[in-house]
Amino acid sequence: MIKLQKKIVITGITGFVLLIIAGIIGKLYYNKIWSENVVKSGFLYIPNNSDFSAVCDSLTANNFLEDINSFKWVSKIKKYDLKVKPGKYKIDKGFSNNSIVNLLRSGNQTPVEITFNNIRDINDFAGKVSKKIEADSASLSELFSDSEFIEQFGFEKNTVISMFIPNTYQFYWNTSAKKFFEIMNNYYNEFWTQERIQKAKKIGLNKTEVSVLASIVQAEQAAHNDEKAKIAGLYINRLNMKMLLQSDPTIVFALGDFEKKRVLNEDKEINSPYNTYKFTGLPPGPINMPEISSIDAVLNFEKHNYIFMCAKEDFSGYHYFSTNARQHEIYADRYRNALNKKRIWK
C-alpha cells in the first residue's frame, strides 16, 4: 500500500513536471510565433531574385526585428524560406513573426505612386522614374532607346517620349524596365480614346503628331493653361498655310541649351530638323513630354486667324497675337526692349 502511494506520488510529480515543461515549451513556441518581434515601422525592399538569406540580411541591417532567429524559425515552419517574393512591404511596429511572414509570403506589397511632369527628355524621365521603382535609370534609358523593342509599340527613338502621358500612376516597386514600358503603353492606349483619335483625324494629325505639336504649345506656354488652345490654333493655322512654324523653343531644343532665355538670329541658322525657322511642318519628335492640358489644347484648339505671337513685355507669361507681320513687329520691339532693360542678352 505504501509502495503504491509512493508510485502515485512519483507519477503525479512527474506528470506535473512534464506539464510545466510542456507549458514552458509551449510558451516558447507561442512567443516565437505570436509575440511582438518588429521593433519599428518602415518599408522592407526585397529586390528581384532575392533569396531568404538576403531578406534576413535586410531585416537585420535595417534593425526591424528584436530576434532574427525566431523569425527564421517561423519562416521555415511556414516554408517562406523556400519561396521569397520581391517587392516593397510595409512593416508595422508590433508585428509578430507570424504576421510578418504571412505578409511577405502573400506577396501583398505596397504600391508606389509615380507622378511626373515638366519632363525635358527621355533620360531626364528615366532618372526620375528610377527613384521610385527597382529598375535603374541606365536600364530604363537603354530600353527607351532600343529601336527594335519600341518599334513593337509603334514608336521611334525620337517619338517614344510621347507615349508617356504626365500624370500619377501606381506601380509595384519591383517593376522591371520592360514591364514599366508595357504598363505605360497600356495607360497610353487608355488615354487615346476614340473621341480623342477622331478629333486628331479631323485636324489631320495622328496621335504622335498631336503630341509633337502639344510639346511646342507647352514650351511656348508653361504658365497659363488658359492660353494653350489659342497658341495651338495659331500653329494649326500655320500648318494649314504651309508656313514655317518659327517656334523659338524648337531652336532651344536643337541647341540643347535649356537655360537660354533669348533666341538670336544666329541661333536660327542651326542645321537641325528641329529648326522650325528652316524646315516647314512639325519637327520629327516632341521637344518635351507634353501634359494632358497641352494635348487637349491641340485637340480642342481655338479657331481664329492669328499667325503671329509674341511674349508680353510685362513678363506675365501671356502673349500678344497678331494676324499680320506689321503688328507683330510692334509687339516684338516691345519685348526686345524689355529684354534689353533686364540685360538679358542670350
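The values are calculated or read from the model by the stated rules, or taken from the named source; none is laboratory data. Small disclaimer: the values here were computed from a predicted structure and weren't measured. Heads up, the Cβs are rebuilt from the backbone with ideal geometry, glycines too, and the neighbour counts pull from every protein chain shown.
Points to keep in mind about this one:
- Test: residue 57 is part of a helix (DSSP H, G or I), over 27 Å from the mean Cα position of the chain (by Cα) and farther than 27 Å from residue 132 by Cβ: no
Residue-by-condition table, conditions (1) more than 24 Å from the chain's Cα centre (by Cα); (2) crowded, with 19+ Cβ neighbours inside 10 Å:
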{"residue": "193", "(1), (2)": "no, no"}
{"residue": "198", "(1), (2)": "yes, no"}
{"residue": "204", "(1), (2)": "yes, no"}
{"residue": "215", "(1), (2)": "no, yes"}
{"residue": "224", "(1), (2)": "no, no"}
{"residue": "227", "(1), (2)": "yes, yes"}
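- Unmet criterion (only one of (1) in contact with a Gly (Cβ under 9 Å, 6 or more places away or on another chain); (2) polar (S, T, N, Q); (3) more than 26 Å from residue 213 (Cα to Cα)) for residue 141: (3)
- Residue 268 vs. criteria touching a Phe, Trp or Tyr at 6+ places or on another chain (Cβ under 6 Å) and basic (Lys, Arg): yes
- Residue 295 meets the conditions (1) assigned to a helix (DSSP H, G or I); (2) not assigned by TED's automatic domain parsing to the domain that holds residue 231 in every case but one. The failed one is (2).
- Residues that are assigned by TED's automatic domain parsing to the domain that holds residue 206, in a strand (DSSP E or B) and over 25 Å from residue 167 (Cβ atoms) do occur in the stretch 301-308.
- Qualifying residue in the stretch 247-256 (condition: among the aromatic types (Phe, Trp, Tyr) and either closer than 10 Å to residue 294 by Cα or touching a Phe, Trp or Tyr at 6+ places or on another chain (Cβ under 7 Å) (or both)): yes
- Just one of (1) part of a helix (DSSP H, G or I); (2) assigned by TED's automatic domain parsing to the domain that holds residue 311; (3) free of Cβ contacts under 8 Å to residues at least 12 places away in the same chain fails for residue 182. It is (2).
- Selected residue [at negative phi, in a loop (DSSP other than H, G, I, E, B), within 33 Å of the chain's Cα centre (by Cα) and in contact (Cβ under 8 Å) with a residue 12 or more places away in the chain] from 244, 264, 239, 282: 282
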